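Structure, as structure tokens:
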Amino acid sequence: MIDFMKEAIKEANKALFNDEVPIGAVIVKDNKIIARGYNRRQTSKNALDHAEMIAIEKACKKLASWHLVDCDIYVTLEPCPMCSGAIANARIRHLYYACRETTSNDNLCEQILSSTRLNHKVEITYDATYSELCQEMLSKYFKEKRKR
């Protein structure tokens, strides 16, 4: 069986290689990856080019629908408010993420995805299996940025 979080980590490594914040995402349907994404904001000069947003856009194109109801998303970092909203609006079934957003520590992603305002509920799983690795990638990236 494919370890989908490892695939998301591969995407994060692509971001790192391109001097982007190392966050990766994959979208899975029927136990197969249908879309991949990694942060590209610096490269594209577009604030919307987060890993999740890119993966969602690719999945929508692949399925020719904005309804990703039978899809799961695996992300290396807890999604930001924009990406959380996109995950809910795309009707993604399940969010798995590898490390928590430590700069805010307010569970905002979970608050957004469990809001009573939404007519779609996303299941959320924090899978700490690769938490240390993903956190280390992020910490190392930002330490290097501060040195420059």
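Out of (1) open to solvent by less than 20 Å² (accessible area, probe 1.4 Å); (2) not in a strand (DSSP E or B), the odd one out for S65 is which?
Among (1) open to solvent by less than 20 Å² (accessible area, probe 1.4 Å); (2) not in a strand (DSSP E or B), S65 violates only (1).
Any chance the stretch 72-82 includes a residue that's touching a Phe, Trp or Tyr at 6+ places or on another chain (Cβ under 6 Å), in a strand (DSSP E or B), open to solvent by less than 20 Å² (accessible area, probe 1.4 Å) and under 19 Å from N31 (Cα atoms)?
Keep residues of the stretch 72-82 that are touching a Phe, Trp or Tyr at 6+ places or on another chain (Cβ under 6 Å), which gives 74-75, 78.
Next, only the ones that are in a strand (DSSP E or B) stay: 74-75.
After this cut, where a residue has to be open to solvent by less than 20 Å² (accessible area, probe 1.4 Å) as well, the list is 75.
Subset that is under 19 Å from N31 (Cα atoms): 75.
There is at least one residue in the stretch 72-82 that is touching a Phe, Trp or Tyr at 6+ places or on another chain (Cβ under 6 Å), in a strand (DSSP E or B), open to solvent by less than 20 Å² (accessible area, probe 1.4 Å) and under 19 Å from N31 (Cα atoms).
Of the conditions (1) open to solvent by 20 Å² or more (accessible area, probe 1.4 Å); (2) under 21 Å from E20 (Cβ atoms); (3) in contact with a His (Cβ under 6 Å, 6 or more places away or on another chain); (4) not β-branched (V, I, T), A47 satisfies every one except a single condition; which number is it?
The failed condition is (3).
I'm checking my understanding of the structure. Among residues of the stretch 101-127 that are surrounded by 12 or more Cβ atoms within 10 Å (Cβ to Cβ) and assigned to a helix (DSSP H, G or I), which one is nearest to the chain's Cα centre (by Cα)?
That would be C109.
This table checks each residue for (1) under 24 Å from K143 (Cβ atoms); (2) in a loop (DSSP other than H, G, I, E, B); (3) free of Cβ contacts under 8 Å to residues at least 12 places away in the same chain.
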residue	(1), (2), (3)
E7	no, no, no
T43	yes, no, no
N46	no, yes, yes
A86	no, no, no
C99	yes, yes, no
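Within the stretch 1-36, restricting attention to residues that are over 14 Å from the mean Cα position of the chain (by Cα), within 30 Å of K147 (Cβ to Cβ) and not charged (D, E, K, R), which residue is surrounded by the most Cβ atoms within 10 Å (Cβ to Cβ)?
Per the criteria, the residue is L16.
Quick check, is L95 in contact (Cβ under 8 Å) with a residue 12 or more places away in the chain, within 17 Å of A12 (Cβ to Cβ) and in contact with a helix residue (DSSP H, G or I) (Cβ under 7 Å, 6 or more places away or on another chain)?
Working: in contact (Cβ under 8 Å) with a residue 12 or more places away in the chain: yes; within 17 Å of A12 (Cβ to Cβ): yes; in contact with a helix residue (DSSP H, G or I) (Cβ under 7 Å, 6 or more places away or on another chain): yes.
Yes.
The values are calculated or read from the model by the stated rules, or taken from the named source; none is laboratory data. Given the structure is predicted, the values throughout are model-derived calculations rather than measurements. Note that we place each Cβ from the backbone using ideal geometry, even for glycine, and neighbour counts take in every protein chain shown. Please note that ligands, DNA and RNA were not included when accessible areas were found on the heavy atoms of the full protein model with its side chains. Shrake-Rupley method; radii C 1.70, N 1.55, O 1.52, S 1.80 Å.
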